[in-house]
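What follows is calculated from the coordinates using simple rules that are stated; it is not laboratory data. Predicted model, so just to flag it, every value in this text is computed and none were measured. In this analysis, Cβ positions are derived from the backbone assuming ideal geometry, glycine residues included, and neighbour counts consider all displayed protein chains.
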């Protein structure tokens, strides 16, 4: 399977993809549930290494979360503690994406001891894929600030815990959540003295549901 997937990834690279995210659900599940099974853990690492062979000149993101069948967890009380150093120092890839919002960032402190020397960028989930409440930009900004206590800004990437397309979350909620991520990042960028990015969803000229104030004329 690793050889077959490697061929597919090379086809994507040849087609012009410069950033590819791969699903890696096995290693952290195994380390969490069967931490003493050293043989299985080494095999997982070898398979991931073979899958990503020859892709060093493009950005590879390794996605990990704790399951997404019908917006449900596969197990309860999971932890990245047992797989942390394997992903940071042994697994190939440039960005490690992790689930953080759904467990209220309770494990973000694991990165604190490595803050000054992180070998990979860390992509945190600022919105969950398991609730139907749309997030607000201010909430996303608050959680980014929490992450910056343990991860330097140049190593931090902000996304969602997982994808929205698996059976549960509808397109409208996914749209507002994606917009909240971008707008929340802009709040923190400005606090850090960085240039904000343009977010079309936040542009009043492109919004169809803006209520005009009293006395305001339509343009």
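Taking the C-alpha atoms only, the angle from helix 2-14 to the longest principal axis of the chain is near 40 degrees. For the chain, the longest principal axis of the alpha carbon atoms and the long axis of helix 38-51 meet at an angle near 60°.
Mean-square fluctuations from a GNM of the chain, with a 10 angstrom spring cutoff on Cα atoms, peak among 44, 68, 103 at 103.
Segment 87-151 and segment 10-77 have Cα centres spaced 17 Å apart.
Computed on the chain, with alpha-carbon pairs under 8 angstrom and 6+ residues apart, the relative contact order is 17 percent. Treat segment 1-72 as a sphere of radius equal to its Kirkwood radius over Cα pairs and apply Stokes-Einstein at 37 °C in a medium of 0.692 mPa s; give the translational diffusion coefficient in µm²/s, rounded to a whole number. Here the translational diffusion coefficient equals 245 µm²/s.
Comparing mean-square fluctuations of 115, 101, 92 from a GNM of the chain with C-alpha springs under 10 Å, the top value falls on 115. Going from the fewest other Cβ atoms within 10 Å to the most, the residues 195, 149, 51, 99 appear in the order 195, 149, 51, 99. In plain terms, the chain from residue 194 to residue 79 could stretch by 38.1 nm, reckoned as 0.36 nm per residue minus the Cα-Cα distance. Its residue count N sets the reference 2.2 N^0.38 Å, and the alpha-carbon radius of gyration of the chain equals 1.13 times that reference.
Principal-axis analysis of the Cα atoms of the chain puts helix 171-191 at an angle of about 90° to the longest axis. With neighbours defined as other Cβ atoms within 10 Å of a residue's Cβ, the residues 95, 124 order from fewest to most as 95, 124. For a quick check, take a GNM of the chain with Cα springs below 10 Å and name the residue from 118, 206, 110 with the largest mean-square fluctuation. Maximum among the listed residues: 206.
Treating r as the C-beta distance of residue 154 and residue 18 and R0 as 22 Å, the FRET efficiency rounds to 0.70.
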